[in-house]
Each structure stands twice: as C-alpha cells, then as structure tokens.
1. For the stretch 94-113, state whether one or more residues are part of a loop (DSSP other than H, G, I, E, B) and under 30 Å from ASP285 (Cβ atoms).
2. Restricting to the stretch 393-415, give me the number of residues that are open to solvent by less than 20 Å² (accessible area, probe 1.4 Å) and either assigned to a loop (DSSP other than H, G, I, E, B) or over 12 Å from ILE270 (Cα atoms) (or both).
3. Just the residues that are open to solvent by less than 60 Å² (accessible area, probe 1.4 Å), within 15 Å of the ligand (Cβ to nearest atom) and in contact (Cβ under 8 Å) with a residue 40 or more places away in the chain, please, taken from the stretch 51-67.
4. Among (1) open to solvent by 50 Å² or more (accessible area, probe 1.4 Å); (2) modelled with pLDDT of 95 or more, where does VAL210 come up short?
5. What's the number of the only condition in (1) in contact with a Leu (Cβ under 9 Å, 6 or more places away or on another chain); (2) open to solvent by 10 Å² or more (accessible area, probe 1.4 Å); (3) small (Gly, Ala, Ser) that ALA239 fails to meet?
6. Within the stretch 47-63, which residues are within 14 Å of ASN123 (Cβ to Cβ) and hydrophobic (A, V, I, L, M, F, W, C)?
7. Taking only pairs six or more apart or across chains, which ones have beta-carbon atoms under 8 Å, a first residue in the stretch 110-137 that is on the phi > 0 side of the Ramachandran plot, and a second residue that is assigned to a strand (DSSP E or B) and open to solvent by less than 10 Å² (accessible area, probe 1.4 Å)?
8. Among the listed residues VAL92, VAL85, VAL105, identify the single one that is of a type in the set (Val, Ile, Thr) and over 30 Å from ARG418 (Cα atoms).
Amino acid sequence: MAPRRNYLALVPFAEPNLWHDLRADHGITPRTGIARYIDFAQQAEAARLDALFKADFLGFDKFHIRHDPDMLTEPLAVSAALASVTRHIGLVVTASTSFFEPYNVARQIATLHYVSGGRAGWNAVTSYNGEVNFGPATLGTPAERYDRATEFTEVVVKLWDGWEPGALSYLADGTSVVDPARIHDTNHVGTHFSVEQALDVSRIVEDLPVVFQAGASEDGIRFAARFGEAIFVATPDLAHAREYYDQVKRLVAGNGRHPDSLRVLPGIRIFIGDTEQEAWELYRDAFKDDGFYEDRRKFVKREAPAIDLDGLDLDDVIPLERIPSRDTMLAARRRVSRGLLLHDFITERENITVRQFLERLHGGGHLLAIGTPRQVADLFAEWFTVRACDGFTLQGGGSFARFAGEVLPLLREKGLVREEYEGETLRANLGLEQYHLAVHGKLAVHGKEAP
Ligand SMILES: Cc1cc2nc3c(=O)[nH]c(=O)nc-3n(C[C@H](O)[C@H](O)[C@H](O)COP(=O)(O)O)c2cc1C
C-alpha cells in the first residue's frame with residue numbers, strides 16, 4: 001500500500017521568474033507571458049520533475065506586480081495551456097474552498113485531468129486572502145474555513161469518483177460506450193452545499209487527480225491528514241520539519257491511511273555558487289534591490305499584523321515589548337501557521353535587529369539551500385533520509401540551469417531522483433494509490449469502507 005517512494009518528489013512553482021537566470025533582465029531574450037511559462041515547463045519536464053505548481057493569491061498583489069508584471073496569476077487557464085505543450089509533468093492548480101463552489105472546482109480539475117491525460121492535481125486551500133474580491137468581503141475564522149473545506153472536499157471527491165472506473169469504455173473501432181449504471185448521482189445535501197447530479201466530465205483514466213494541500217495550523221494538519229496526498233508546507237529548518245513530518249504522518253495513520261499515502265513537500269529556495277561564499281553573495285544580492293526591506297515589512301504586516309515594526313529603523317533591536325505572545329499569534333485569522341513561524345524567527349535569536357529579521361524572511365519562511373551543487377544535493381539527501389520530507393516544492397532562487405544540470409545529476413547518482421517518468425499519470429509518477437479517495441471504488445475518504 002503506497003510504500004515510501006525511494007526518491008524525492010520535486011514540484012517547482014510554474015513561475016519562471018522565480019529563478020534569476022530565467023528572468024528577462026538576466027541576459028535572456030525578453031519574452032512575454034505564456035511563452036516564458038511554456039519554456040520553463042518544458043525545461044522542468046526535461047529534468048523529469050514531478051509537477052508544476054500554481055499558487056493563487058486571489059487578488060492584486062503589489063509585490064508580484066512590481067517584480068513580475070508579466071506573471072500569469074490564474075492557475076487553471078495557465079495549467080491548461082501548459083498541458084498541451086508537455087506530456088509527462090503534472091499540473092497542480094490551487095483552488096480555494098472558501099471562495100469557490102465544489103461542482104465548479106471538481107469539473108475544472110476533472111477537465112484539466114482529461115485534457116492532460118491524467119496529470120492534474122488540486123491544491124485545496126482555505127485561503128488567507130481574497131475576501132475583498134470574492135464572496136462576502138470577510139474572511140471566515142480558520143475553524144469556519146476548515147469546516148467548509150471538509151465538506152467541500154468530500155463533495156469534490158464524490159463527484160470525481162461518481163464515475164466509476166470503466167463507466168466509459170471503447171470498442172475496437174473506437175466507438176465510446178457509456179454504462180449509465182456506473183455513473184452515480186451525487187445527492188449531497190450538507191451544511192454548506194447541495195449538489196444533486198453527477199459530474200459532466202467523463203473519467204478517461206482510472207487514476208483520480210491528486211489532492212494537494214497547503215495550510216499548517218492544527219486544523220490545517222487535521223484536514224491534510226484526512227484528504228491530502230501531497231502537502232506544501234513552510235518548514236525553514238530540520239527541527240520544524242521533523243516535528244511537522246512526524247505529526248502529520250501520525251495523524252494520517254490515525255485516519256486509517258498508510259503514512260506514505262501523503263507526501264510532505266516543504267518549500268525551498270536554492271542558490272548555487274562555485275563556492276559557498278559565492279552562493280551566499282548571490283543570495284544576498286536580493287537585499288540590494290530597491291524596496292526589499294519595505295516589501296518584507298509589508299509581508300510581516302499581512303502575515304502577522306500583531307508584530308509591530310512601525311517606527312523602528314533597520315538596525316534597531318526589536319524590543320521585547322513589540323514581540324507578541326504565541327497565544328496572540330494563535331488567535332490570528334489569516335494564516336496562523338505563518339504567524340507562528342515569524343514569531344519563532346524573532347524569538348529564537350537574542351537581540352535580533354529589524355534588518356536581520358527581515359532578511360530571514362527572504363524566502364517567506366521556507367527552507368533555503370545555499371552552497372555548491374554538492375552541498376545543495378547533500379542537503380536534499382539529508383532531509384529525505386532523516387525523514388524530514390518526501391520531496392520539495394521548488395520556489396526558485398539563483399539558477400535553474402545549475403540546479404538541473406549540476407544538482408540533479410548528483411542526486412541521480414545517489415539514486416534519489418528518477419531517470420525517466422514511470423507512469424502516464426501524476427498519481428502514478430508520485431507513486432500514490434487512490435484507495436483512500438475512492439468512494440464508489442470501495443473505500444471512503446476516511447480510509448474506512450464505504451457503506
Ligand atoms: C505553504 C502554504 C502555501 C499556501 N498557498 C496558498 C495559496 O496559494 N493560495 C491560497 O489561497 N492560500 C494558500 N495558503 C493558505 C491556506 O490555505 C490557509 O488558508 C492558511 O494558511 C490558513 O491556514 P493555516 O493556519 O492552517 O496555515 C497557503 C498556506 C501555506 C501554509
């Protein structure tokens with residue numbers, strides 16, 4: 001039952017601009033919009049990476065507009081475009097359970113799955129932003145959002161699996177044959193949603209789309225342990241990562257699922273140099289950017305408004321009275337998990353200055369790999385071997401070419417990354433079974449037998 005795969009799952013963000021060497025201002029011919037995405041998707045596929053990940057901010061993000069005005073933000077349309085110019089790599093679309101409707105999300109992801117030949121993933125998020133553009137203009141509490149997310153996801157899975165495997169088959173002459181007895185109405189009436197009919201998208205492959213998740217509070221982890229098959233998480237060091245990994249795997253097992261039916265993929269940013277010092281210089285280049293510190297201050301305001309840096313200069317030590325308690329951070333509404341992480345960054349080092357704190361946030365609280373190709377490969381190997389992760393979500397950094405051309409071969413030598421794609425679908429390539437997702441295929445989402 002879904003044994004731990006013996007190599008790393010690697011899922012880059014779809015945005016080429018996150019890598020310095022792929023940015024138009026770094027010596028490559030300027031190209032716009034989708035051409036850049038296509039180019040990067042094909043490079044990622046040539047490197048045999050698992051899937052391209054599209055996050056979603058659900059609104060106007062001043063930071064991205066300034067750094068990447070060409071960025072294509074809407075995940076589904078971009079992923080559909082990339083599906084038609086790639087053959088193997090997966091396509092993971094973030095779609096909010098707080099602002100969207102399950103029938104809509106189920107048919108959109110199922111259609112992407114169809115047009116990509118089984119390569120779709122859904123990143124189910126409860127969202128930390130978007131309420132001013134969607135819905136009732138207020139963001140529910142985390143508990144309310146996860147309550148809705150639970151029902152939402154049950155309905156989506158039921159819709160996908162409402163078409164049993166074999167409901168659609170083909171005769172030798174290519175004629176399609178539908179067996180209506182194997183297509184089930186949804187008949188869901190719940191607290192948040194009423195969905196009656198079956199999905200209007202045929203199931204062309206038996207493998208269902210893969211459910212990703214991003215959200216790391218207690219509620220978030222419980223949600224992941226029930227539905228998630230791959231998790232994008234911010235764990236900036238081994239201590240955070242091991243603790244998170246053990247906790248989530250224990251909860252998965254507690255739900256009657258095999259612990260390896262869920263892949264934990266921390267975010268990572270990668271800076272590679274010929275020497276360690278050169279790699280650090282590359283990493284520190286970002287601090288010279290106009291507006292770096294201002295942007296990071298805004299990030300703190302958004303993610304952890306209880307941390308008040310107003311009126312403090314960059315080289316001021318952050319006074320103790322400005323540091324909120326963990327309880328205050330736990331009461332946050334948007335992203336409890338990120339607030340706690342920022343809190344740890346301030347408190348784990350004595351007399352931290354505003355500058356040091358803001359620089360620590362380069363990468364947004366995710367892991368940083370800074371060093372020679374061998375050092376970076378060793379870090380990947382160590383995290384995997386000590387069970388701090390099952391792979392990584394790659395959030396860019398210095399040079400993608402160096403990562404693909406110098407780090408991946410070292411990992412390949414260690415047997416930690418694939419030579420070739422193993423299967424046709426994202427699920428097969430991630431080595432995941434779908435037993436816990438299937439409703440009509442015998443087992444329910446809890447891992448218990450369906451009635
Ligand atoms: C690493 C990570 C990535 C996330 N990415 C997104 C995203 O792209 N879009 C979104 O709407 N929410 C995203 N979220 C927000 C979560 O869905 C969730 O609403 C929020 O983090 C609050 O839950 P938490 O405290 O459990 O993390 C992300 C959360 C984490 C931790």
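1. no
2. If we filter the stretch 393-415 for residues that are open to solvent by less than 20 Å² (accessible area, probe 1.4 Å), which is where we start, we get 393-394, 396-398, 400, 403, 407-408, 411.
Then keep just the ones that are either assigned to a loop (DSSP other than H, G, I, E, B) or over 12 Å from ILE270 (Cα atoms) (or both); that gives 398, 408, 411.
Number satisfying all stated conditions: 3.
3. ALA51, LEU52, PHE53, LYS54, ALA55, ASP56, PHE57, LEU58, GLY59, listed by residue number.
4. VAL210 satisfies every listed condition except (1).
5. (1)
6. Within the stretch 47-63, ALA51, LEU52, PHE53, ALA55, PHE57, LEU58 meet the criteria.
7. SER127/SER96; GLY130/SER96
8. VAL105
The values are calculated or read from the model by the stated rules, or taken from the named source; none is laboratory data. Everything quoted here is computed from the prediction, not taken from an experiment. Ideal geometry is used to build each Cβ from the backbone, glycine not excepted, and the neighbour counts take in all protein chains shown. For accessibility, only protein heavy atoms count, side chains too; no ligands or nucleic acids. Shrake-Rupley method; radii C 1.70, N 1.55, O 1.52, S 1.80 Å.
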